[in-house]
Amino acid sequence: MELAEKIIRLKKARNAVILAHNYQIPDVQDIADYVGDSLGLSMQASRTKADVIVFCGVYFMAETAKILSPDKIVLIPDRKAGCPMADMITAEDLRRLKAGHRGAKTLCYVNTTAEVKAECDVCCTSGNAERIVRGAFNKDEEIIFAPDQYLAQYISKKVGREFIMWKGYCPTHLKILPEDIDRERRLHHVAEIIVHPECRSSVTDMADEVLSTEGMYRYVTETDGKEFIIGTETGILHRLRKANPDKMFYPLCERAVCPNMKLTTLEKVLWSLEDMKDEVIVPEETIAKARKSLEIMLNH
Ligand code: SF4
């Protein structure tokens, strides 16, 4: 029996749902019930009637699904799939930073561990960060924005407001350079250049659009444009091409491959369902605190 067929059978037997992040390998995206960004997937998880969620992504994403669906079993096919950016700040780091800025409010990118979310006032994604900053904080409040300095810098320019920034970054998005934009513009001069706000500022400054992965998906699907140069992890090209077979997509930088996102394979998805491993466990107290910061975001 084909691997994919075995997974589908076992998924039914376990009453499971398979969620895959936009950066997963094509085989994993194709077997998934839903493909999307981390928060979109976690929200799918909370709405599903399935008992088991197999989260094909990195660890903080599976934790977020657990926080929003504490009664479900959340499995991650490879527990070593971490996010270097999320690991650049610990809860202790954040507590120390807050202690140095008494009275400041804390805004955490969703790319953080559950413990860090539990220390935060509000969470945000790359798609809603601007709206959250404008809507969830008073004008005179100091805001600590962690952990991605590039997302923070980009939003700071958009809203005209300074943040106390943590100096984290995504090593994959940092591989995208201004010279990649120069080269790809010469090669595909009618294509629009769309980049992720995790890219360095010299790249976001040069792009035609700066969008989250879900924003990119919506934009290229809805616009009349036919050619796009995509500046984010290259895994998303599979989803964009599949949904828009009449349009052309080029990676802005072939080096932008997140090794952690590529750890999940079809075999590991199957083993995960066979052995019901690895289950993502988040302590109840952490869930309760982290959930508050996610709920404030969801209510804005
Ligand atoms: S692409 Fe960057 S932010 Fe996303 S999981 Fe990989 S390291 Fe983390």
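The values are calculated or read from the model by the stated rules, or taken from the named source; none is laboratory data. As the structure is a computational prediction, the values presented were derived from the model and not from experiment. We place every Cβ from the backbone using ideal geometry, glycine too, and count neighbours over all the protein chains shown. When the accessible area is computed, the model is the full protein with side chains, heavy atoms only, and any ligands, DNA or RNA have been set aside. Shrake-Rupley method; radii C 1.70, N 1.55, O 1.52, S 1.80 Å.
Taking the solvent-accessible surface of protein heavy atoms with a 1.4 Å probe, what is the per residue accessible area of segment 1-102 in Å²?
43 Å²
Can you send over the carbon and sulfur percentage of the accessible area for segment 135-174, probe radius 1.4 Å, protein chains only?
Taking all protein chains in place, segment 135-174 shows 48 percent carbon and sulfur surface.
Amide H of G231: which non-local residues (sequence gap of 5 or more, or other chain) have their own amide H closer than 5 Å, using H built in the peptide plane?
I194, V195, H196, L252
In whole Hz, with x marking every Gly and Pro, tabulate ³J(HN,Hα) for segment 199-212 from phi via Karplus 6.51 cos²θ - 1.76 cosθ + 1.60, θ = phi - 60°.
Working through the residues one at a time gives 5, 4, 4, 5, 8, 4, 4, 8, 6, 6, 9, 10, 9, 5 Hz.
Work out how much length D71 to A13 would gain on full extension: take 0.36 nm times their residue separation and subtract the Cα-Cα distance, in nm to one decimal. Walk me through the numbers on the way to the answer.
On the way: separation 58, 0.36 × 58 = 20.88 nm, distance 1.87 nm.
That pair, D71 and A13, stretches by 19.0 nm at full extension.
Counting pairwise Cα distances across segment 1-111, what percent come out greater than 18 angstrom?
Counting every Cα pair in segment 1-111, those more than 18 Å apart make up 54 percent.
How much accessible area per residue does segment 105-203 have, counting only protein heavy atoms and a probe of 1.4 Å, in square angstrom?
40 Å²
Place +1 on the Cβ of every Lys and Arg and -1 on the Cβ of every Asp and Glu in segment 113-189, take the dipole about the Cα centre, and give the residue among L151, I164, C123 whose Cα lies farthest towards its positive end.
Farthest towards the positive pole: L151.
Under 9 Å from the Cβ of V133, count the other residues' Cβ atoms, weight Lys and Arg +1, Asp and Glu -1, and hand me the total.
+3
Which value, in debye to the nearest 20, describes the size of the charge dipole of the chain about its Cα centre when Lys and Arg Cβ atoms bear +1, Asp and Glu Cβ atoms bear -1, and nothing else is charged?
Taking the Cα centre of the chain as origin, the dipole is about 340 debye.
What's log10 of I(q)/I(0) for segment 88-224 at q = 0.21 Å⁻¹, Debye sum over Cα points only, no solvent?
Debye curve over Cα of segment 88-224, log10 I(q)/I(0) at q = 0.21 Å⁻¹: -1.26.
Please give the contour-minus-distance gain from E141 to I281: 0.36 nm per residue of separation, less the Cα-Cα distance, rounded to one decimal in nm.
Values: separation 140, 0.36 × 140 = 50.40 nm, distance 3.44 nm.
Extra length from E141 to I281 when fully extended: 47.0 nm.
Compute the Rg/Rh shape ratio of the chain: radius of gyration over Kirkwood radius, all on alpha-carbon atoms. It would help to have the intermediate numbers written out before the result.
Numbers: Rg = 19.0 Å, Rh = 19.7 Å.
Result for the chain is an Rg/Rh of 0.97.
In whole percent, how big is the carbon plus sulfur part of the accessible area of segment 1-96, probe 1.4 Å, protein atoms only?
Here it works out to 49 percent.
Project the alpha carbons of segment 195-240 onto their principal axes and report the range along each, largest first, in whole Å.
26, 21, 15
Per the helix-only calculation at 222 nm, which mean residue ellipticity applies to the chain, given -39500 (n - 2.57) for every DSSP H run of n ≥ 4 and division by its residues, nearest 500 deg cm²/dmol?
Using -39500 (n - 2.57) per qualifying helix, the result is -12500 deg cm²/dmol.
Just how far, in whole angstrom, is segment 227-275 from segment 136-201 if you go by their alpha carbon centroids?
A separation of 21 Å, based on Cα centres.
In nanometres, what is the gap between the two model label sites at E92 and R131, each 7 Å from Cα along Cα-to-Cβ?
Label at E92, label at R131, 3.7 nm between them.
Translational diffusion coefficient, Stokes-Einstein: compute it for segment 157-250 using the Kirkwood radius over C-alpha pairs as Rh, at 4 °C and 1.567 mPa s, and state it as an integer in µm² s⁻¹.
93 µm²/s
What are the lysines whose alpha-carbon lies under 22 Å from the alpha-carbon of K289, with same-chain residues fewer than 8 places away excluded?
Hits, sequence-local ones excluded: K66, K72, K98, K105, K117.
Using the Karplus curve 6.51 cos²θ - 1.76 cosθ + 1.60 with θ = phi - 60°, what ³J(HN,Hα) values do you get for each residue of segment 163-170, in whole Hz, with x for Gly and Pro?
Whole-Hz 3J(HN,Hα) from phi for segment 163-170: 10, 8, 9, 8, 8, x, 6, 9.
Tell me which aspartates and glutamates have Cα within less than 14 Å of K226's Cα, excluding those fewer than 8 residues away on the same chain?
Cα-Cα hits under 14 Å: E192, D246.
Express in nm, to one decimal, how much length is gained between A288 and K226 on full extension, taking 0.36 nm for each residue of separation and deducting their alpha carbon distance. Before the final figure, lay out the partial values.
Numbers: separation 62, 0.36 × 62 = 22.32 nm, distance 4.53 nm.
Stretched fully, the A288-K226 segment lengthens by 17.8 nm.
Using the heavy atoms of the protein chains and a 1.4 angstrom probe, tell me the accessible area per residue for segment 237-276 in square angstrom. It would help to have the intermediate numbers written out before the result.
Details: 1920 Å² over 40 residues.
That works out to 48 Å² for each residue.
Order these peptides, 208-221, 285-298, by their mean beta-carbon neighbour count within 10 angstrom, highest first.
Ranking the peptides 208-221, 285-298 by packing returns 208-221, 285-298.
Which FRET efficiency, nearest 0.05, do E254 and R102 yield, Cβ-Cβ r, R0 45 Å?
About 0.45, to the nearest 0.05.
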